[in-house]
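The values are calculated or read from the model by the stated rules, or taken from the named source; none is laboratory data. For clarity, every value in this text was computed on a predicted model and none was experimentally measured. Ideal geometry is used to build each Cβ from the backbone, glycine not excepted, and the neighbour counts take in all protein chains shown.
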């Protein structure tokens, strides 16, 4: 980045932005169990190297709602290693901290006199680590109680019917730069969608005008964790629901890395989708290179710098249509196997060529989506046995699909499923059932 003048450094807020770390993903898999932790360790190391003011996390820090003890210990160790030091914190939080941080201590962690916090971390929750239970606690609350993370964006749903929320910003000052950081932890998409379309259900609090800092002087950032794919409009949040006073939006939950900030037409703010730091689904969007974003803000201007994550396991993805391949005989299964073997070998070789540091060569993830219309299918597990020790996922290299004449609506649904960041698991099913019950109660109150 080069040397900045001392005056610029004193007036520039430097933030490292990441989302969807999914700590603990595949923790019982012998090959992939450390992947999520190695990526998170790299993120924290980058934050230290770049001497950022703080790290901003956009939800799903944990993969499971109730992380294992092993996952919690490793998360605490990484944060303790990188966040606790005597490096001075150069910014101030000037808002009402008891409102911003809803825990028993009610202040930003670096102000606690019993801890030396040199790298503050701010995080919202996602749909994987959302609050639950009688006390409405998230796994992120554990890190907050340990004074390692500043957990914000936990909403208290008030009112009747669909509910009401009020979003208060964390107000940050550093020299001449003022940042208003809004956080919105995950709320079920159907419900939040209805709230945005209900007058006064979502209230955004703005900083009060002061003599030395007008409302227009604040650089307004929102971090949220919701569906963005618009195939089913009721099950996603439209960017146009958000307030126009925002300057920058960090969108968590979607795993494809689209980190270069884009202006949202007609809204006046820019949006970044950092994506996940570990692949949790073997789909095309997850195979794109993973990055984090260094966001530098000086007064009302910002400069983004995307930084690649080098510790992420290589992932090669391709799609083939068997009937389009000239060297395959539909009546000869061996010709199908030979062709698929050739494709896998080429992907492994392609992955090997991309690896810069040979000493840290990891077994790659390989996924081939095979359209087998007019052909016999083969057993993916049996096919993968010969690649044990050569790829990280030998049991599910192949996924078979059949092309069919679909209506436009069906085709859209298929695209939506292909882009989903995670498969529907039991936890998500239970949540959807609970949400549907909630919706019914809103319209048909029980006696």
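Can you say whether residue 331 is under 27 Å from residue 385 (Cβ atoms), touching a helix residue (DSSP H, G or I) at 6+ places or on another chain (Cβ under 7 Å), surrounded by fewer than 18 Cβ atoms within 10 Å (Cβ to Cβ) and at pLDDT below 95, as far as the supplied structure shows? No: the conditions fail for residue 331. Within segment 75-90, can one find any residue that is crowded, with 24+ Cβ neighbours inside 10 Å, more than 19 Å from the chain's Cα centre (by Cα) and in the same structural domain as residue 143 (by TED's automatic domain parsing)? So far as segment 75-90 goes, yes, one or more of its residues are crowded, with 24+ Cβ neighbours inside 10 Å, more than 19 Å from the chain's Cα centre (by Cα) and in the same structural domain as residue 143 (by TED's automatic domain parsing). If you check 441, 339 for being at pLDDT 90 or above and more than 24 Å from residue 279 (Cβ to Cβ), only one passes: 339.
Mind checking whether some residue in segment 327-340 is part of a strand (DSSP E or B) and more than 25 Å from the chain's Cα centre (by Cα)? No, every residue in segment 327-340 fails to be part of a strand (DSSP E or B) and more than 25 Å from the chain's Cα centre (by Cα).
On inspection, residue 72 does not qualify as assigned by TED's automatic domain parsing to the domain that holds residue 278, more than 28 Å from residue 26 (Cβ to Cβ) and surrounded by fewer than 19 Cβ atoms within 10 Å (Cβ to Cβ). What about residue 100, is it at pLDDT below 90, crowded, with 22+ Cβ neighbours inside 10 Å and in the same structural domain as residue 234 (by TED's automatic domain parsing)? Judged against the criteria, residue 100 is a match. Set side by side, the residues 365, 361 differ, and just one is at pLDDT below 85 and not assigned by TED's automatic domain parsing to the domain that holds residue 222, which is 361. Go through the residues of segment 353-362 one by one and say whether even a single one is farther than 22 Å from residue 391 by Cα and not in a helix (DSSP H, G or I). No, that holds for no residue.
Any residue at all in segment 32-47 that is closer than 27 Å to residue 176 by Cβ and either in contact with a strand residue (DSSP E or B) (Cβ under 9 Å, 6 or more places away or on another chain) or in a helix (DSSP H, G or I) (or both)? Yes - at least one qualifying residue is present in segment 32-47.
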